[in-house]
Structure formats: C-alpha cells, structure tokens
1. Give the residue that is farthest from residue 6 (Cα to Cα), with candidates limited to residues of segment 47-69 that are out of contact with any helix residue (DSSP H, G or I) (no Cβ under 8 Å at 6 or more places or on another chain) and assigned to a strand (DSSP E or B).
2. Which condition from (1) part of a strand (DSSP E or B); (2) assigned by TED's automatic domain parsing to the domain that holds residue 20 is the one that residue 44 breaks?
3. Restricting to segment 1-16, name every residue that is surrounded by fewer than 13 Cβ atoms within 10 Å (Cβ to Cβ) and either in contact with a strand residue (DSSP E or B) (Cβ under 6 Å, 6 or more places away or on another chain) or not in a loop (DSSP other than H, G, I, E, B) (or both).
C-alpha cells in the first residue's frame, strides 16, 4: 500500500496565528490516543493530500517520532474562501473495523447520449477493516442508457467490506434531459394610479433611508 505521509507537530499558537504562519490547526484522536491531541499540519502538504486522495484520505501521521496509521475524519473549510481551516485525523490500527462514508465519483457523464445522470446519494455507508477502505468509489456511467440505475452491484469493493445501506438503495438513475418549458413573455402596462403608487413607495423608502442616516449622525 502506498504510504501517504502527513507530518504533525504540537500546536502552541492560537488557530488564527497558526494559519497565518502557513499551518492548519488539527486534532489527533483514536484507538491509541487517550486524550485528543491538538496539532498543526503544514497547509501546503495537507492541501496536496486532500486534492489527490480526497477528504477521507488514508494517511500515516508522523508525530512525536512515531508513525501511526489513520485517516482524515473531518475537514472544515472557510465558507467564503473554501480554504481548509481545521482537520481531524482518526488514528486506528489497520486491522480495526471502522464505519465510514465513502464518496462516489461518477465518471463519463459528459459521454451520455441524450440522457442525464440524476444523483440520489453521493456516499456509501460501509463497515470493514480500515486498511481496506478505498478513498472513493469510481463508477463509469458513459455507456449507460435511459432507465439504468446505479446500485451496490456497480461498486467494485473488497469482499471484506460490507455496505450498510439498504439492499435496494439506488444511488443514481439515468433519466431524460429535462428541458425548461418556454414561458410566453408577459408585458405589464402600469396605470397612472399604479405608477403613482410605485413612486410614492420609492419616495417613502428614500425618506426612511434618509431618516435612518440622520439618526446615525
């Protein structure tokens, strides 16, 4: 198995100062950790790992002279910039059974002919050994036709991984392309009374705004 290394160090700065210095605040916890450990990760390295392996990447964490296996459990992002601002890493034995939600990547959507993919569920709930967990499930839909569905049968998972979703769960369906119906343009002609009322309302709004401005002085 390819080892993805994530270096961690004790965090001594405030989270804001930590980010300004080029690090991402985080927490290590799990089987071998009695109390959660506040750490910091190099932001550039963490960004590369998430971009390549996803938000639930399996990693080997270098911390305190030890290298321990785990996976990224949670990634928090800034709602405006989408930058990663905090990351939790769950440390676990490779043979330990874990429950996870594995993201589904639907590939080949652009190759569909006069049909579209309608996604109902973007993740699969599973249980199995941590070391066997894939970072994502890839489903090629390029050759699918109208009426086809994506179910657990389309997932190429290790036999030791058990899907805990409903047996008849449908994750996506190939449907017809929905076209927007043309709505005839409606022209509205305002009467003098309606126009006057609109002017009065706008004037009232302006007066309210002015009054508010005076109050703030």
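The values are calculated or read from the model by the stated rules, or taken from the named source; none is laboratory data. Since we're looking at a predicted model, the values are computed, not measured. All Cβ positions, even for glycine, are placed from backbone atoms using ideal geometry, and neighbour counts span all protein chains on display.
1. Going through segment 47-69, the residues out of contact with any helix residue (DSSP H, G or I) (no Cβ under 8 Å at 6 or more places or on another chain) turn out to be 47-56, 60-68.
Checking which are assigned to a strand (DSSP E or B) leaves us with 60-63, 66-68.
Values: 60: 6, 61: 5, 62: 6, 63: 9, 66: 12, 67: 9, 68: 10 Å.
Checking each candidate, the answer is 66.
2. Residue 44 satisfies all of (1) part of a strand (DSSP E or B); (2) assigned by TED's automatic domain parsing to the domain that holds residue 20 except (1).
3. Within segment 1-16, the first condition is being surrounded by fewer than 13 Cβ atoms within 10 Å (Cβ to Cβ), and the residues that meet it are 1-3, 5, 10, 12, 14, 16.
Selection gives 3, 5, 10, 16.
For (1) touching a residue at least 24 places away in the same chain (Cβ under 8 Å); (2) in contact with a strand residue (DSSP E or B) (Cβ under 9 Å, 6 or more places away or on another chain), each residue gets a yes or a no:
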| residue | (1), (2) |
| --- | --- |
| 18 | no, yes |
| 22 | no, yes |
| 29 | yes, yes |
| 65 | no, no |
| 75 | yes, yes |
| 91 | yes, yes |
